[in-house]
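The block underneath contains the structure these notes are about, expressed in structure tokens.
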Amino acid sequence: MAYARPPKRMHSITVHVAPPAKGVALPPVSGPRDRPLVVIDAGHGGHDPGAASRTRDAREKDVTLALALALRDRLLRGGRVRVALTRSDDRFLLLQERYDIARRLGADLFLSLHADAADNEAAQGATIYTLSETASDREAARLAARENRADVINGVDLGQQNSAVNSILIDLSQREAMAQSADFARLLYREAAPYVPFRGNYHRFASLVVLKAPDIPSVLFEAGYITSAQDAARLTSPAGRARTAEGLARAVEIYFARRLSAP
Ligand SMILES: [Zn+2]
């Protein structure tokens, strides 16, 4: 008996994504006038949850936002810097939009907050990343590939509309900002280490799109592994977040105090 097969359904998922706006709306800047401006970037958001833990109810986009808010509050209490957040709620931003916000606001420092994930539950501790054309090691290269994929949805790279911006080649004009970024990375480790467990090899390099503002010292801070019981407890508890924010805030305050006192 002939059997007519039902027409084959095309299974596809359509996600409607607004085209990147010509410059997203600028966030508010808080803090005393005439103070240096730090822009804090909570990684991921909206349809992009970032890294997730299979066993724990922790998503990177929530961890980064909570840490960004805690750091902002701590810095504003200190009264020494102005602060703006690239996002203060659960929304998606392209990597380029994140550092564009910092550039348009005239930021003096850009800090992108993330959390790591690994199959090995024993992996734990924070890592600081700064920009480099070549990754410092294979793990750094893998991390950059993963973080840079934040712009990709349904195989379409929303961030590739301006290929010049996303070229991994680094302009010479960027060298000064890169040197300052490395300075800040060392300071961040020194100041935050009493508050945050770091990995042995705490400063790594990779071609991370979000760090490509050519004129702003920029650091990506992987605050810990959400796949580690110890790190997840620290990153999802108010007390643990406050400690992490304290370490970050001290580094930011000392960084600017040094620069203001430099001849
Ligand atoms: Zn991330």
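Could you tell me whether the range 77-97 includes any residue that is assigned to a helix (DSSP H, G or I), touching a residue at least 12 places away in the same chain (Cβ under 8 Å), of a type in the set (Ser, Thr, Tyr) and within 16 Å of the ligand (Cβ to nearest atom)? No, there is no match, as no residue in the range 77-97 is assigned to a helix (DSSP H, G or I), touching a residue at least 12 places away in the same chain (Cβ under 8 Å), of a type in the set (Ser, Thr, Tyr) and within 16 Å of the ligand (Cβ to nearest atom). Out of the residues in the range 130-146 that are outside any loop (DSSP other than H, G, I, E, B) and touching a helix residue (DSSP H, G or I) at 6+ places or on another chain (Cβ under 7 Å), state the one that is modelled with the lowest pLDDT. The extreme case among them is Leu131.
Within the range 32-50, no residue that is farther than 15 Å from Leu113 by Cα sits with its Cβ atom under 7 Å from a residue that is near the ligand (Cβ under 10 Å from one of its atoms) and part of a loop (DSSP other than H, G, I, E, B) at 6+ positions apart or across chains. Within the range 17-47, being at negative phi, at pLDDT 95 or above and surrounded by 13 or more Cβ atoms within 10 Å (Cβ to Cβ) holds for Pro27, Val29, Ser30, Arg35, Pro36, Leu37, Val38, Val39, Ile40, Asp41, Ala42, Gly43. Test Ser181 against the criterion of being hydroxyl-bearing (Ser, Thr, Tyr) and either within 16 Å of the ligand (Cβ to nearest atom) or at pLDDT below 90 (or both), and give yes or no. Considered against the rule, which asks whether it is hydroxyl-bearing (Ser, Thr, Tyr) and either within 16 Å of the ligand (Cβ to nearest atom) or at pLDDT below 90 (or both), Ser181 comes out as no. When you scan the range 144-155, how many residues do you find that are within 22 Å of Phe184 (Cα to Cα) and touching a strand residue (DSSP E or B) at 6+ places or on another chain (Cβ under 6 Å)? The number of residues fulfilling the criteria is 1. Please specify each residue of the range 35-76 satisfying the condition of being under 22 Å from Ala232 (Cβ atoms) and part of a strand (DSSP E or B). Result: Ile40, Asp41, Ala42, Gly45, Asp48, Ala52, Arg59. Among the conditions (1) on the phi > 0 side of the Ramachandran plot; (2) within 16 Å of the ligand (Cβ to nearest atom); (3) of a type outside the set (Lys, Arg), Gly106 misses just one, which is (2).
The single residue among Ala107, Ala115 that is modelled with pLDDT of 95 or more, under 17 Å from the mean Cα position of the chain (by Cα) and outside any strand (DSSP E or B) turns out to be Ala107.
Each residue in the range 194-227 was checked for being assigned to a loop (DSSP other than H, G, I, E, B) and either under 17 Å from Ala118 (Cα atoms) or of a type outside the set (Gly, Ala, Ser) (or both), and 12 of them qualify. Among the conditions (1) in a helix (DSSP H, G or I); (2) within 23 Å of Arg175 (Cβ to Cβ), the only one that Asp231 does not satisfy is (2).
The values are calculated or read from the model by the stated rules, or taken from the named source; none is laboratory data. This one's a predicted model, so the numbers in the text were calculated from it and none came from an experiment. Reconstructed Cβ throughout: ideal geometry from the backbone, glycine too, with neighbour counts over all protein chains shown.
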